[in-house]
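The values are calculated or read from the model by the stated rules, or taken from the named source; none is laboratory data. Quick caveat, the model's predicted, so the values are computed rather than measured. Don't worry about glycine lacking a Cβ; one is built from the backbone with ideal geometry, like all the others, and counts go over all protein chains shown.
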Amino acid sequence: MQVDQRKGAREATENLVRCGQCSHFSFFPNEKGHNRPQALGRCLAGASWDGNRGQWPLLLHPCPNFNEKS
Ligand code: SF4
C-alpha cells in the first residue's frame with residue numbers, strides 16, 4: 001500500500017511546472033529593479049493555466065502553454 005501511494009504521488013507531480021521556469025513569466029517592474037524569487041508576477045502567454053494574469057513563480061501546477069526558459 002505504501003508503495004502504491006508513492007507511485008501515485010510521483011505520477012501526480014510529473015506534469016506540473018512552475019511559472020518561474022517559463023519564458024512567458026515576468027515579474028512586475030518596480031523602482032528597485034528587482035523582485036524576490038517568490039514575488040507575484042504575471043503570465044504573458046495568451047492564456048495562463050487558470051485564466052488569471054497574476055501568477056506565483058514557485059507554485060506547482062499543470063500548464064499546456066509552459067515553455068521552459070532556455
Ligand atoms: S504559460 Fe503557464 S507556466 Fe508559463 S507563465 Fe503562463 S501560466 Fe505560467
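Things worth noting here:
- Hits in region 24-35 (condition: surrounded by fewer than 13 Cβ atoms within 10 Å (Cβ to Cβ) and in contact with a strand residue (DSSP E or B) (Cβ under 9 Å, 6 or more places away or on another chain)): F28, H34
- Of the criteria (1) of a type outside the set (K, R); (2) in a loop (DSSP other than H, G, I, E, B); (3) surrounded by fewer than 16 Cβ atoms within 10 Å (Cβ to Cβ), which one A12 fails: (2)
- Residue within region 5-21 that is of a type in the set (V, I, T), in contact with a strand residue (DSSP E or B) (Cβ under 8 Å, 6 or more places away or on another chain) and modelled with pLDDT under 95 present: yes
- Residue in region 21-40 that is within 8 Å of the ligand (Cβ to nearest atom) and of a type in the set (D, E, K, R) present: no
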